1. Select from region 1-25 the residues that are within 24 Å of residue 106 (Cβ to Cβ) and in contact with a strand residue (DSSP E or B) (Cβ under 9 Å, 6 or more places away or on another chain) and list them in ascending order.
2. Would you confirm, using the coordinates I've provided, whether residue 367 is surrounded by 14 or more Cβ atoms within 10 Å (Cβ to Cβ) and either in contact with a strand residue (DSSP E or B) (Cβ under 9 Å, 6 or more places away or on another chain) or without any contact (Cβ under 8 Å) to a residue 12 or more places away in the chain (or both)?
3. Looking at this structure, is residue 406 out of contact with any helix residue (DSSP H, G or I) (no Cβ under 7 Å at 6 or more places or on another chain), closer than 28 Å to residue 255 by Cα, in a loop (DSSP other than H, G, I, E, B) and modelled with pLDDT under 80?
4. Only one residue in 289, 212 is crowded, with 16+ Cβ neighbours inside 10 Å and either assigned by TED's automatic domain parsing to the domain that holds residue 59 or under 30 Å from residue 168 (Cα atoms) (or both). Which one?
5. On the given criteria, is residue 169 in a strand (DSSP E or B), modelled with pLDDT of 95 or more, within 24 Å of residue 11 (Cβ to Cβ) and not assigned by TED's automatic domain parsing to the domain that holds residue 59?
6. Take residue 127 and tell me if it is under 35 Å from the mean Cα position of the chain (by Cα), crowded, with 19+ Cβ neighbours inside 10 Å, modelled with pLDDT under 95 and assigned by TED's automatic domain parsing to the domain that holds residue 217.
7. Somewhere in region 396-408, is a residue surrounded by 16 or more Cβ atoms within 10 Å (Cβ to Cβ), over 44 Å from the mean Cα position of the chain (by Cα) and either under 23 Å from residue 363 (Cα atoms) or touching a residue at least 12 places away in the same chain (Cβ under 8 Å) (or both)?
8. Within region 268-282, can you find the residues that are within 21 Å of residue 255 (Cα to Cα) and either in contact (Cβ under 8 Å) with a residue 60 or more places away in the chain or exposed (fewer than 15 other Cβ atoms within 10 Å of the Cβ) (or both)?
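The values are calculated or read from the model by the stated rules, or taken from the named source; none is laboratory data. Computed from a predicted structure; not experimentally measured. Ideal geometry is used to build each Cβ from the backbone, glycine not excepted, and the neighbour counts take in all protein chains shown.
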């Protein structure tokens, strides 16, 4: 038969909150199932002689809430195949098992929701004074742990089933809120109680009828932040009464800072310092947000356009991840396939057309590597490592001639060959040279200090003398 499930909200079990449609569904809609019999609503059903079954056995067997929701949904749909089912929950709008039930609805199945008062509505009314804005997000505590949290918006968490779940919620909130931050705890729609966050999992009674309201908090009231806070801070800086310097900046004036912050991120990676890297990535992210704010002020683009652009690219360039009909296939794409996808995004019909996509502002070695990568798609222009090394040897044999008559074209060719050799060996020439220079600077500074300690001036040292110190310092470092 055509499986049908009717959903009704029974809030905390107060029959005075039931409307006529809900009562009619409970009496006549089909076989009635309660998520749990541990509800004050049971006594009313018994007094009204309305038969019901509970799903307590599924509660006992489930290892976690995801498994419980799936078990409830599978069971109810199997029952609906036999006869119509009515499923009564405290709040059909946020109940995780209801969500799973809708996700698993068979093609010939029907889910009908009866309008009524849910538990979240009762809690919202009880705690209305604690969230002055109408901007309120409501969801189950288990769903809250799976998603993002924006502390700028008040959130009502229902189905705070047990102290362990309450503890997990507390830990999640503590990432952004102080332990003393005041939240509103409610149980069984009783009077709300203001408590510090650290006491959330220490309440005397916590069950499926418990909830917590977490009021919104602005970024000036917190010590930890989310991405949306950075966007708000950026907007504030560029307001008429904000920072004059920030208001005056343009894409062009910020250009050197963008490159500088990117290189500082690379330096932090080389230092293998995760906290320093996080700090530098924050500086780089600020530059992205800064440019987005400027773009927004001139109606050029917004941060959402930036995010949309990269999301589209990543989905389009990973069809083996997002569109592959074979589940679990993660075979990497070849470079040529990757290039074809990139050209299709820009409208380039050939490799030659795509050469214009190489940013000319790149550092020289990186610029060369990008060009070599494009040219390697032409078999006739692809050099193997042995050929590159042979050509470098030929040039090195004429270095004396270059010194006698400097030739920029030939010197450029030598540098390009070394860039090509790095590419052939799958090495990043830009990073290698940068690291080599940084290491040399560090060793020269260390050698200079040693010379001073020995009563010598580094300015008086010859390259031969400096080499001795460098070798000594190199040995100490190794």
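1. Listed by number, the residues that qualify are 2, 3, 4, 5, 6, 7, 8, 9, 25.
2. Taking the combined requirement at face value, the residue satisfies it.
3. Spelling it out, it is not the case that residue 406 is out of contact with any helix residue (DSSP H, G or I) (no Cβ under 7 Å at 6 or more places or on another chain), closer than 28 Å to residue 255 by Cα, in a loop (DSSP other than H, G, I, E, B) and modelled with pLDDT under 80.
4. 212
5. In short, no.
6. For residue 127, the condition - under 35 Å from the mean Cα position of the chain (by Cα), crowded, with 19+ Cβ neighbours inside 10 Å, modelled with pLDDT under 95 and assigned by TED's automatic domain parsing to the domain that holds residue 217 - is met.
7. No, every residue in region 396-408 fails to be surrounded by 16 or more Cβ atoms within 10 Å (Cβ to Cβ), over 44 Å from the mean Cα position of the chain (by Cα) and either under 23 Å from residue 363 (Cα atoms) or touching a residue at least 12 places away in the same chain (Cβ under 8 Å) (or both).
8. 279, 282
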